[in-house]
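What follows is a single structure, written as C-alpha cells, with notes after it.
The values are calculated or read from the model by the stated rules, or taken from the named source; none is laboratory data. Everything numeric here is computed off the predicted structure, so don't read it as measured data. No Cβ is skipped: glycine too gets one built from the backbone with ideal geometry, and neighbour counts run over all protein chains shown.
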Amino acid sequence: MSSDLYREQIIDLYENPLNFGELDPCDFSYEEDNPLCGDVVRLDVRLDSNRRIADVRWRGEGCAISQASASLLTEEIKGMTLEEVKAFSKERLLELIGVPLSMARVKCALLSLKVLKAGAYGIPSPGEMRGEDD
Amino acid sequence: MSSDLYREQIIDLYENPLNFGELDPCDFSYEEDNPLCGDVVRLDVRLDSNRRIADVRWRGEGCAISQASASLLTEEIKGMTLEEVKAFSKERLLELIGVPLSMARVKCALLSLKVLKAGAYGIPSPGEMRGEDD
Amino acid sequence: MFDVMTVRADFPILERETRPGVPLVYLDSAASSQKPYQVIEAMDDYYRRYHSNVHRGIHELSEAATFAYEGARVRVARFINAPESDQVIYVRNATEGINLVAYSWGRSNIGAGDEILLTEMEHHANLVPWQILAEEKGATIRYLPFNENGTLDLAALPALLTERTKVFSFTAMSNVFGTVTPLRTLIDAAHSAGAIAVVDAAQCVAHLPVDVQELNCDFLVFSGHKMCGPTGIGILYGRRSLLEAMPPFLGGGDMIRRVTLEGSSWNDLPWKFEAGTPSIADAIGLGVAVDYLTGLGMEAVHEHEQFIVNYALEALSEVEGVRLLGPPATQRGGVAAFTLSGIHPHDIAQILDEEGIAIRAGHHCAMPLHQKLQIPASARASFYMYTTIEEVDKLVEGLARTKRIFRT
Amino acid sequence: MFDVMTVRADFPILERETRPGVPLVYLDSAASSQKPYQVIEAMDDYYRRYHSNVHRGIHELSEAATFAYEGARVRVARFINAPESDQVIYVRNATEGINLVAYSWGRSNIGAGDEILLTEMEHHANLVPWQILAEEKGATIRYLPFNENGTLDLAALPALLTERTKVFSFTAMSNVFGTVTPLRTLIDAAHSAGAIAVVDAAQCVAHLPVDVQELNCDFLVFSGHKMCGPTGIGILYGRRSLLEAMPPFLGGGDMIRRVTLEGSSWNDLPWKFEAGTPSIADAIGLGVAVDYLTGLGMEAVHEHEQFIVNYALEALSEVEGVRLLGPPATQRGGVAAFTLSGIHPHDIAQILDEEGIAIRAGHHCAMPLHQKLQIPASARASFYMYTTIEEVDKLVEGLARTKRIFRT
Ligand SMILES: Cc1ncc(COP(=O)(O)O)c(C=O)c1O
Ligand SMILES: Cc1ncc(COP(=O)(O)O)c(C=O)c1O
C-alpha cells in the first residue's frame, strides 16, 4: 500500500493528531477556514513572560494534509518567540510535511500557518506592520 | 478589365442611374439607410387610379450595388399593382442584378426593395398585415 | 449502433497516460467534458485557413468566418429546437448567460418586494447573479427545498410560487446529485403563477435531448465545454418577445445599429447581445460538437450514461463507508457524488489521482447544497458517452486502495 | 534580426491562396491579426493532452490546466509590466473589459451630474458602454475633438476636464486614423482633474511596447485576437486599489469565497471578476502569443510597421483620387484608411477581394468619427509584422484596377 503523498507519518498524524484540543485561558486564539475545501483550523496559543510560545493547541477538520500540517506546525513552534512565529516561512512548513504537494493542496497545507500568523499579528506590539498574506 | 461582380451594366447604372430624382407630389415616399454601410435610398412613388405604379423616382448614395439595384428595381416595378409590389421577392431582385453576391453585399442589393416595401405597406389598404421584414 | 470503444477513439486525450503505464481514467466530465478530434481540428482549421473578424467584412476570409460562425448558431438552434436561430445568443458560458438575464431582463423587471424563486440545489452560477440582483433591487429570494434523496420537494412549490414571484430559475440537472428535475412541471408552475422560467441546462443539454419549444421555457442556458465543445463559448436561448423587449447588456461593436455622440440604437437579435469581437473559433467548435452529438444521437448518449451510472451506483454502494448522494439511477444523469466515512474527499481525489483516476472533490460550486447536507465537501465521479464499465471498476478499486492507505 | 519572410513562415494562413493562383494579401490586421502556428498548436495540444476545468481540481489534468491558465496570466502581466499578475483579469475582449469597468466601477462611482470624458475618435466599444452608463445615472458625456489630421485637439482638453469629470477614457491608437495618442499627457491630465484614466489599448498593445506602471493608467483593456492570440480572450488591467474596492461584475462559480442562501462573499483578485468556467484554451493561447511577440521584440514589430506604413502612405498618396485619413506616419501605427473619389469603399474592398487582397470597408465601428468627417465609410488597409512591401504594392495596383473598372 504505497502512496506518494500519504506517507505513514501523514496518516498517523491524521489519526492521532498532536497538540489537539483547546487552551483556556490563552493569549490568542484564531480560527479560519478554507471555504473552497471546507477545511477549518482553530489555534489557541499561550505565551510565557518572554513572549515565547509556552503552549499551543489546535482543533479543526478537513483533509489529512491540512490536519497533519496543523500537528506538525504546532509541534514545531513551541518555544518560539512571536517574532520567530511571524517569520515562519511557508517553505519551512512544506518541508516539515515533506511530501510533494500540488498547487491545490498547498492551500490545505498552509491553512494552519495562515491561522497562526493572523493570530500572532493580532497581538499588538510596538511598530508592527501588516503581515504577509496569502 | 474584368470583374466578376462589376459587369458593365452595374457600372453603367452607377454612372447613369435610371429613374433618379424626386416626385412631387407623390402617393408615398420612404427612405431608409443601412447604417452599417452608409448606403441610403429614398423612393417617391405615384399611383394611378387602379393603384398601379404610375411613376417612381429614387435618390440615394452608397455603393455601386445598392445604387444599381435601385435603378433596376424602379425600372421593373413600373405598372405593377401595390399587391404585386408587396409580393416582389428578394430573389427576383437579386436575379435582376445578375451577379453573385456575398452575404455582406446582399444587404446592399436589397436596400431599395426594403424601402419600397416599407413604403408600400405604409399605404393603408383593407385587411393588410405586417410585411415580411429583413 | 452506439459503441463506446468507437466513440473513445474520437477523443485523443483518452489515449493518454497520466504517467508511464497509468492510463487516464477521466471521471470528471460534469466539470468539463473532453473533446473529439473533430472539434479540435475544426478550430485548428479555422485558424490555419480562414480566420478573420466576422460581420461586415467584404473579403473572402471574413465571409468564410462569418458563414461558419453564423452557421454554428443555426446548428445549435436546431439542436435545442429553437424556433429561430436569432433566439440563440452566444455567451462565454452558462454563467454569463444567467448574468445576462439577471442584468438585462432582471434590472428592468425586478423591483423592491418582488420575489425570485430558486432551489436549494443550484450551482453558484444560478445563485449569485440573482443574489446580486435582489440586493440591488430590494427583492427577496426564496428557495425550493430538496428532499433527503436529492429530488426537489414539489409539495412545497405552491406556497413558494406566489403573485410576487417574477422569475423561477432552476437547474435541469443537479451537478451534485445528478437529479434530473421535472422541467415541464416547474416551467408550467412558474407560468401559472405569472413568473418566467429560466432553466440552467449546463448539465442537461450535454446529456439529454432538449427541446425548448416543447419545454416552453423563457430562457435556457448552457456551456459548450461540457458538451464536447471548446471552452469560451456558451448559449443563452430566449423567448423572442422577452429578448426583443430587453435592453442590451454589453455595449460596443456589432450590437449597435447606429452610434452618434448623442446616443445609440441597437442591432437586431441576436447581435444586440453580442458586443465586440466574439469567440469565433469557439463558436465554430461548438457547432461541430453539436453535429458530433447529433451524429451519436442524444438518446444513445443518454442510454449509455444510464447504463454506466446504474452500474456505478451499485458498485459504489457496495463499498463500506460510502454514502451516496442523490436519487436512484432512474432519476439522474451520469453523476455519482459520495462521501467515504473518515476520509476527506480531497484525500480520496488525491489518492485516486495517483492511479490516473480523475474525479472532483469539494463543494462543486454548490455550497448551500453541502451546507444543508452538513458535509464540508463530497467526492464526485461523473460520466459521459466515452465512460466504460472498466473505468468504474478502477474507481471502485481505487476507493479500496484509499481505504487501505487510511486504514479504514 | 527581424526578417519578415522568417516571420511569415510562422503563419500558416499566409501560405494560402484565396483561389487558385491568387495568394492571400491580408491587410486587415487591425480587425483581427493572424495567428502563428505556435499559438494554434498550443491550443490544439491543450485539448489533446490536458484539457480539464481549472481551479480546485485535485487531479493531474486540472493541475496542468490551472498551471497553464494561470501561467499565461503571469506572462501577460509581465508583457505589460503590471505590478502583479492578479491585476490582470481575463475577459472576452477589449469590449467586455470596458463594460466591466463601466458596470462595476461605473455603477458605484458615477452619479447624476458627473461627467465622463471620451474622444470623438473612439471605437464603439469605448462609446456605447459609457452612453448606457450615463443614461442610467444621469451623467453627461463630453468628447475631446480631433483635428483635421486625426490627432487629438489637446488645446481643448483643459476646458473639458473639470472637477465634474470622474473618468477620462480614450483610445491609445485610433483604429481608423492610426493615430497614436499621447498617453502620458492624457493620463496625467485626467489625474490632475481628479478623474481616473481608462485606456482602450485594443490597437496598441499588439503593436507598441506598453508599460502600465510607466503610463500610470487606472485601467487598460485589450483583445487577444488582435495580437496573434485567439478569439475569445482579452485583458482588463486595473489599479489594485480600484479593483479591490469594486463590486463584482458577473456572479457565479470561482468568483466567490463563500456562498450561503442568505448571501455571498467574494474571492480575491483576479478571480473576483472571473465567474464561471473561463476561456481556458484561449487564455493559454494568449500566453503563447505574448511569448511570440516578446520573442520578436515589440520594438522590432513597431519598427517594421513604421517602415510599411510609411511606404504605404507614400504609395497611396500618389494614387489619384485617394484621400488619406489621419496623421503622418511618424504619429501613427500600421493603419491606412482612405477614400477614393467616386467609388464607395465597399466597391473598393470587393474588387480588391477578387485579387485576394483583404481590406476593410465601412465605418470600422467608429461611426461618430466618420460622421464628423462627413463620409459614410472609408476603406482601411492595416498592417502587422508579417506585412510586406510587395503586399502594399499589390494594394496600390488593385486600386488602379478598381479605378479602371469604375472608369475614374
Ligand atoms: C480601438 C479599438 N477599441 C476597441 C476595439 C474592440 O475590440 P474587440 O472587438 O476585440 O472587443 C477595437 C477593435 O476593433 C478597436 O480597434
Ligand atoms: C448546474 C450547473 N450550472 C451552471 C454551471 C456553470 O457552468 P460554467 O462554469 O460553464 O458557466 C455548471 C458547471 O459547473 C453547472 O454544473
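For first residues located in segment C:164-175 and within 14 Å of another protein chain (Cβ to nearest Cβ) and closer than 13 Å to C:Leu186 by Cα, partners that are modelled with pLDDT of 95 or more and within 16 Å of ligand 2 (Cβ to nearest atom) and lie 6+ apart or on another chain with Cβ distances below 6 Å form the pairs C:Ser169/C:Leu118; C:Ser169/C:Asn126; C:Ser169/C:Val198; C:Thr171/C:Glu122; C:Thr171/C:Asp200.
Considering segment C:152-168 alone, what residues qualify as being more than 26 Å from C:Arg239 (Cα to Cα) and under 23 Å from the mean Cα position of the chain (by Cα)? C:Asp153, the sole residue that qualifies.
What do you reckon, is A:Asp44 touching a residue at least 24 places away in the same chain (Cβ under 8 Å) and either within 14 Å of chain C (Cβ to nearest Cβ) or in contact with a Leu (Cβ under 9 Å, 6 or more places away or on another chain) (or both)? No, not satisfied. The condition of being within 16 Å of ligand 2 (Cβ to nearest atom) and crowded, with 24+ Cβ neighbours inside 10 Å holds for only one of D:Ser62, D:Ser33, D:Ser29, that being D:Ser62.
Based on what the data block shows, is D:Val39 within 20 Å of C:Gly229 (Cβ to Cβ) and either away from ligand 2 (no atom under 16 Å from the Cβ) or more than 9 Å from every other protein chain (Cβ to nearest Cβ) (or both)? So D:Val39 fits the description; yes.
When the helices (runs of 4 or more DSSP H) confined to segment A:8-104 are screened for residues that are over 22 Å from C:Gln350 (Cβ atoms), those reaching at least 1 such residues are found at A:64-77, A:82-86, A:90-97.
Annotation: of all residues in segment D:146-163 being closer than 27 Å to D:Ala312 by Cβ and in contact (Cβ under 8 Å) with a residue 40 or more places away in the chain, the one that is surrounded by the fewest Cβ atoms within 10 Å (Cβ to Cβ) is D:Asn149. Give me the pairs: first residue in segment D:54-81 and not assigned by TED's automatic domain parsing to the domain that holds D:Cys217, second residue part of a helix (DSSP H, G or I) and surrounded by 22 or more Cβ atoms within 10 Å (Cβ to Cβ), beta-carbon distance under 6 Å, and six or more apart or on different chains, which are they? Close Cβ pairs satisfying both conditions: none exist.
When we screen C:Glu355, C:Glu390 for residues that are over 26 Å from D:Thr260 (Cβ atoms), without any contact (Cβ under 8 Å) to a residue 24 or more places away in the chain and either within 16 Å of ligand 2 (Cβ to nearest atom) or not aromatic (Phe, Trp, Tyr) (or both), the only hit is C:Glu390. Scanning segment D:90-100 finds one or more residues that are in contact with a Pro (Cβ under 9 Å, 6 or more places away or on another chain) and away from ligand 1 (no atom under 13 Å from the Cβ). Sub-8 Å Cβ pairs linking a first residue in segment C:260-277 that is at positive phi and in the same structural domain as C:Ile235 (by TED's automatic domain parsing) to a second residue that is away from ligand 1 (no atom under 16 Å from the Cβ) and modelled with pLDDT of 95 or more, at least 6 apart or interchain, are C:Gly263/D:Glu135, ordered by first then second residue. Against the conditions (1) under 10 Å from the mean Cα position of the chain (by Cα); (2) modelled with pLDDT of 95 or more, A:Arg92 satisfies every one except (1). Taking (1) surrounded by fewer than 17 Cβ atoms within 10 Å (Cβ to Cβ); (2) in contact (Cβ under 8 Å) with a residue 24 or more places away in the chain; (3) within 14 Å of another protein chain (Cβ to nearest Cβ); (4) hydrophobic (A, V, I, L, M, F, W, C) in turn, B:Leu111 satisfies each apart from (1).
Taken together, C:Ala337, C:Ala349, C:Ala361 contain a single residue that is in a strand (DSSP E or B), closer than 24 Å to C:Arg16 by Cα and either within 14 Å of chain D (Cβ to nearest Cβ) or touching a Ser or Thr at 6+ places or on another chain (Cβ under 9 Å) (or both), which is C:Ala361. Residues of segment D:238-253 that are crowded, with 24+ Cβ neighbours inside 10 Å and in contact with a Phe, Trp or Tyr (Cβ under 7 Å, 6 or more places away or on another chain): D:Gly238, D:Phe249. The condition of being among the hydrophobic types (A, V, I, L, M, F, W, C), outside the structural domain of D:Tyr384 (by TED's automatic domain parsing) and within 16 Å of ligand 1 (Cβ to nearest atom) holds for D:Leu220. With respect to D:Asp44, determine if the residue is under 28 Å from the mean Cα position of the chain (by Cα) and within 16 Å of ligand 1 (Cβ to nearest atom). Taking the combined requirement at face value, the residue does not satisfy it. The residue of segment C:364-391 that is nearest to ligand 1 (Cβ to nearest atom), among those that are in a loop (DSSP other than H, G, I, E, B) and within 14 Å of chain A (Cβ to nearest Cβ), is C:Cys365.
Scan segment C:152-181 for residues that are of a type in the set (A, V, I, L, M) and either near ligand 2 (Cβ under 10 Å from one of its atoms) or not assigned by TED's automatic domain parsing to the domain that holds C:Trp130 (or both) and jot them down. If the condition is that a residue be of a type in the set (A, V, I, L, M) and either near ligand 2 (Cβ under 10 Å from one of its atoms) or not assigned by TED's automatic domain parsing to the domain that holds C:Trp130 (or both), then C:Ala172, C:Met173, C:Val176 are the ones that fit. Restricting attention to segment C:103-133, the residues that are more than 7 Å from chain D (Cβ to nearest Cβ) and more than 20 Å from C:Leu160 (Cα to Cα) total 5.
Within segment C:254-300, the set of residues being surrounded by 24 or more Cβ atoms within 10 Å (Cβ to Cβ), more than 9 Å from chain D (Cβ to nearest Cβ) and either touching a Cys at 6+ places or on another chain (Cβ under 8 Å) or hydroxyl-bearing (Ser, Thr, Tyr) (or both) comprises just one member, C:Ala289. Taking the criterion of being of a type in the set (Asp, Glu), crowded, with 24+ Cβ neighbours inside 10 Å and touching a residue at least 60 places away in the same chain (Cβ under 8 Å), the only residue of segment D:176-231 that qualifies is D:Asp200. Of the residues screened, C:Arg323 is not one that is out of contact with any Cys (no Cβ under 7 Å at 6 or more places or on another chain) and either part of a loop (DSSP other than H, G, I, E, B) or over 30 Å from C:Lys372 (Cβ atoms) (or both). Kindly establish whether C:Leu133 is more than 18 Å from C:Thr181 (Cα to Cα), without any contact (Cβ under 8 Å) to a residue 40 or more places away in the chain and assigned by TED's automatic domain parsing to the domain that holds C:Val198. Yes: the conditions hold for C:Leu133. How many residues does segment D:372-398 hold that are in contact with a Phe, Trp or Tyr (Cβ under 9 Å, 6 or more places away or on another chain) and surrounded by 18 or more Cβ atoms within 10 Å (Cβ to Cβ)? Qualifying residue count, segment D:372-398: 10.
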